[in-house]
Amino acid sequence: MTAAPAATCHAGRVRLVLVGPPGSGKGTQGPVVAERLGVPYLSTGDLLRAQVAADTELGKRVAELIDAGELVPDDLMVAVVADALDPKGADGYVLDGFPRTLPQAEVIERPDSPLPGPDVAVHIDIPNRVVHERLAGRAHAEGRADDADPEVIDRRLEVYAEETEPLLDHYRDLGVLVTVDGDKEPEDVTAAILDAVAALPGAS
Ligand code: AMP
């Protein structure tokens, strides 16, 4: 199919967060969408895994949490993300995996936040059955311990439902939520996300 037009005319660079369960395609869509929009992409999962691999102080603190499917504490995450985005994310971003809790979302909405909140939150909607199929394939391809253990996958889905899903109502109330069907070909999901961005107020 032909690629959808990128929202290059958006007044100011777009700040976009991807919200979806593990395996919904955030890591596939994020870099492509960021490239099309000309903004930095940041995956907090990738960032944390790199810290674990490099055995840094941060990596040592988070390794067990990641392997168990638990979340890293909010204050630590906000500092890590603000630090990683230069200059301070004000000039646009695509974030994959952050915010993941209401407190994380609320911190970046404060006027004194080191990282400004999003213009648009894209919910990638996908059935749990597809999540399980995809994660089984990814465990094989990428060797991620948290994808290989069905109990850890269940725990991550539970954590998603408890901690992350409330973000959907929050962003809906703020009027910035867009839902796309994630159970489609990757190109179609990308097109749906870019269409949603192009439809934002201020895009032309
Ligand atoms: P992901 O690659 O996005 O599935 O993230 C892998 C793991 O990193 C998660 O299961 C959490 O342990 C941790 N993680 C990533 N992003 C966050 C976040 N925003 N808040 C807390 N923990 C996170």
Subject >> Average projection area in nm² (convex hull over Cα atoms of the chain, one quarter of hull surface) >> reply: 11.0 nm²
Original post:
Could you work out the helix-only [θ] at 222 nm for the chain, with each DSSP H run of four or more residues adding -39,500 (n - 2.57) and the total divided by the number of residues, to the nearest 500 deg cm²/dmol?
Top reply: -15000 deg cm²/dmol
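Among residues other than VAL152 whose Cβ falls under 9 Å from its Cβ, what is the net charge (Lys/Arg +1, Asp/Glu -1)? Walk me through the numbers on the way to the answer.
On the way: positive: ARG155, ARG156; negative: ASP67, ASP146, ASP147, ASP149, GLU151, ASP154.
Summing Lys/Arg as +1 and Asp/Glu as -1 gives -4.
Would you mind calculating the relative contact order of the stretch 20-76 from Cα pairs under 8 angstrom and at least 6 residues apart, reporting the percent as a whole number?
Working: 25 pairs, mean separation 8.9, N = 57.
Relative contact order, the stretch 20-76: 16 percent.
According to the Kirkwood expression over distinct Cα-Cα pairs, how big is the hydrodynamic radius of the stretch 95-169, in Å?
Details: mean 1/r = 0.0713 Å⁻¹.
Across the stretch 95-169, the inverse of the average 1/r is 14.0 Å.
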**OP:** May I ask you to derive the relative contact order of the chain, considering only C-alpha pairs under 8 Å and at least 6 residues apart, and to give it as an integer percent?
**Re:** 35 percent
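Read the figures in this text as sums done on the coordinates, not as results from a lab. Just so it is clear, the model here is predicted, and its values are computed rather than measured. Please note: Cβ atoms are built from the backbone with ideal geometry, for glycine as well, and neighbour counts cover all protein chains shown.
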